[in-house]
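Colleague: The structure that follows is given in the form of structure tokens.
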Amino acid sequence: MARNSWMSLCPSKKRSDPRANGGCFWAELQGIIGSMDETTLSRPSVEVCLAVGSNLGDRLAFLREAKAALAPYVAITQSSGVYETQPAYESDQPLFLNAVLRGTTVLEPMALLYTLKDIEIEIGRKPTFRYGPRVIDIDIIFYGDKQMHTADLTIPHLLMGERDFVLRPLADVAADWVHPGLGKTVAALLGELPQSGETAWRVEETL
């Protein structure tokens, strides 16, 4: 696990250092993820899709490092192409590389989220402004057909339907996956995007 809590990326939460003695959050995290104990491993696996992105440093290397770091927690079955994409929402920053990984996990949604955030920190992500530049970003797009909304996590990803840089690589590995809330396939959602809004271009055949 990362040396620094993923909560450092979310200073607005104002929680105490989870690694301090008696820190309940760290205890909770250890209990949820732990070392993939027998209870965790006995859970049925769930198919997931994760989006990875980077626009700082050696972008492709960071994406591949994230894929490798996920291996103990997510059994990757498919990798999309790698797309160079224009930044969304905050345009004054470098171009991104984006890809999607499809696989299976026995981690429950919040445990998977905590794991992804710790992987981001281990790779080198630092706090920044919303939608700002980042060494690595890993998001849960789909978690089976589950729908949930909490302060920390929304599944399916709340903004996926408007993001060419998510839908285009997602269509490489999950074109027929039906959005459980919208009742539309990934391919249909991609087809509904304005043609003039295309912002993603394939630069690698696979991650």
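Colleague: I'm checking my understanding of the structure. Among residues of the range 144-155 that are in a strand (DSSP E or B) and without any contact (Cβ under 8 Å) to a residue 12 or more places away in the chain, which one is surrounded by the most Cβ atoms within 10 Å (Cβ to Cβ)?
Modeller: The residue in question is 154.
Colleague: Sort through 91, 80 and tell me the only one that's under 24 Å from residue 190 (Cα atoms) and without any contact (Cβ under 8 Å) to a residue 24 or more places away in the chain.
Modeller: Exactly one of 91, 80 is under 24 Å from residue 190 (Cα atoms) and without any contact (Cβ under 8 Å) to a residue 24 or more places away in the chain, namely 91.
Colleague: Quick check on this structure: which one of 207, 158, 193, 182 is touching a Pro at 6+ places or on another chain (Cβ under 9 Å), without any contact (Cβ under 8 Å) to a residue 60 or more places away in the chain and assigned to a loop (DSSP other than H, G, I, E, B)?
Modeller: Of the residues listed, the single one that is touching a Pro at 6+ places or on another chain (Cβ under 9 Å), without any contact (Cβ under 8 Å) to a residue 60 or more places away in the chain and assigned to a loop (DSSP other than H, G, I, E, B) is 182.
Colleague: Scan 43, 64, 59 and give me the residue that is crowded, with 21+ Cβ neighbours inside 10 Å and basic (Lys, Arg).
Modeller: It is 59.
Colleague: I've got another one for you. Does the range 178-190 contain at least one residue that is in contact with a Ser or Thr (Cβ under 7 Å, 6 or more places away or on another chain), surrounded by 14 or more Cβ atoms within 10 Å (Cβ to Cβ) and either of a type in the set (Val, Ile, Thr) or on the phi < 0 side of the Ramachandran plot (or both)?
Modeller: Yes: one or more hits.
Colleague: With the requirement that a residue be in a helix (DSSP H, G or I) and in contact (Cβ under 8 Å) with a residue 60 or more places away in the chain, what does the range 40-69 give you?
Modeller: Correct list: 40, 41, 60, 62, 63, 64, 65, 66, 67.
Rundown of residues vs (1) in a helix (DSSP H, G or I); (2) within 25 Å of residue 200 (Cβ to Cβ), yes/no style:
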site	(1), (2)
101	no, yes
104	no, no
107	no, no
111	yes, no
115	yes, no
118	yes, no
122	yes, no
125	no, yes
135	no, yes
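Every number in this text was worked out from the coordinates using simple rules, so none of it is lab data. Owing to the predicted nature of the structure, the values given are computational and were not obtained by experimental measurement. Counting neighbours? That spans all protein chains shown, and the Cβs are built from the backbone with ideal geometry, glycine included.
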